[in-house]
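Enquirer: Take a look at the following structure, please.
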Amino acid sequence: NKNDFDVVTSGQFVSKMEVIKREMMQKWEREDKVGTLKIIIQCTKMLNDVFTPKFYTHKFLLIADILDNFARLVYERILKLSFGSNKLIDFSNINPTIGTQAAKDVCTNWIYKCCCIRELLPRIYIDISFLGIFKFIMTDQELEQKILTISKMIRGISHPLIAFYVSMYLTKITLQLFPKSKQFMYILLTNLSKFKLDEQIIKTLNYDNITIDELKKVLDPCVEWVCYCICKNMSGKDFKNLMK
């Protein structure tokens, strides 16, 4: 029900997200996979709401936390199906040649469910959160290509708030799982640099309660995070080329 997700104040939003998180866990414990996924889709759809830009960071953090928890539940379930435990196998050792067929079938089923999501933003966010799950059925090369594909999909997002924050989420999840992967970040930075953050964009976005400087403060953490990750352990020469 759409009305269940209509929130007036930040305090109400925080309370609502706590309720949603409990509902997600209850559906998961009842083995209601479809119901669990529906809740996640509804949560990520909220990130399409850009009418309160000053609150967007807080909203993103709350929703990303729920999304991370959902992905962890799915990952641990598949890990246990594969090896009888969700703690004994190091993530770097997981590959398509090991594990049970039943676990791979469950993994594939979740991925198919994700592919059937019609809305672009929920599909991208869930795809990103599932990067660890893809490792059960994809090689490292295939995963690298998957990350690049998601990076290119983000280029189709026209609103800066949405584009900047989904870029930060992709960087966060990828660097947690595949710390050596960096090529995708060049695509992200190139995409983010296309947005002209000036007074005109405030008018274009129909924002009458925020200045361009305030909007930049909302977006800055995303750029800083991507730049930090791409520059980490980078040579001086490569850094100069990046700045150019």
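The values are calculated or read from the model by the stated rules, or taken from the named source; none is laboratory data. As the structure is a prediction and not an experimental result, all values here were calculated from the model. Neighbour counts run over all protein chains shown; Cβ positions are idealised from the backbone, glycine included. Side chains are part of the model used for accessible areas, which takes the heavy atoms of the whole protein and leaves out ligands, DNA and RNA. Shrake-Rupley method; radii C 1.70, N 1.55, O 1.52, S 1.80 Å.
Listed here are the residues, each with its yes/no results for (1) exposed (fewer than 11 other Cβ atoms within 10 Å of the Cβ); (2) modelled with pLDDT under 90; (3) not polar (S, T, N, Q).
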position: 193; (1), (2), (3): yes, no, no
position: 210; (1), (2), (3): no, no, yes
position: 216; (1), (2), (3): no, no, yes
position: 220; (1), (2), (3): no, no, yes
position: 232; (1), (2), (3): yes, yes, yes
position: 243; (1), (2), (3): yes, yes, yes
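Enquirer: So, in the stretch 143-167, exactly how many residues are among the aliphatic types (A, V, I, L, M) and open to solvent by 30 Å² or more (accessible area, probe 1.4 Å)?
Expert: Total satisfying the criteria: 1.
Enquirer: Can you go through 71, 64 and tell me which one is buried (at least 17 other Cβ atoms within 10 Å of the Cβ), closer than 19 Å to residue 219 by Cβ, touching a helix residue (DSSP H, G or I) at 6+ places or on another chain (Cβ under 7 Å) and touching a residue at least 60 places away in the same chain (Cβ under 8 Å)?
Expert: The match here is 64.
Enquirer: Suppose the filter is open to solvent by 80 Å² or more (accessible area, probe 1.4 Å) and under 18 Å from the mean Cα position of the chain (by Cα); does residue 224 pass it?
Expert: So residue 224 fits the description; yes.
Enquirer: Further, regarding this structure: When you look at residue 113, is it more than 19 Å from the chain's Cα centre (by Cα) and among the basic types (Lys, Arg), yes or no?
Expert: Numbers: more than 19 Å from the chain's Cα centre (by Cα): no; among the basic types (Lys, Arg): yes.
No; evaluated as a whole, the condition is false for this residue.
Enquirer: Could we say that residue 179 is open to solvent by 50 Å² or more (accessible area, probe 1.4 Å) and modelled with pLDDT of 90 or more here?
Expert: So residue 179 does not fit the description; no.
Enquirer: Only residues that are open to solvent by less than 20 Å² (accessible area, probe 1.4 Å) and either touching a strand residue (DSSP E or B) at 6+ places or on another chain (Cβ under 7 Å) or of a type in the set (A, V, I, L, M) (or both): list them for the stretch 11-45, please.
Expert: Once the filter is applied, which keeps residues that are open to solvent by less than 20 Å² (accessible area, probe 1.4 Å) and either touching a strand residue (DSSP E or B) at 6+ places or on another chain (Cβ under 7 Å) or of a type in the set (A, V, I, L, M) (or both), the stretch 11-45 yields 17, 20, 24, 37, 39, 40.
Enquirer: Only one of (1) under 21 Å from residue 105 (Cα atoms); (2) among the small types (Gly, Ala, Ser); (3) modelled with pLDDT of 90 or more; (4) out of contact with any Gly (no Cβ under 8 Å at 6 or more places or on another chain) is not met by residue 84, so which one is it?
Expert: (3)
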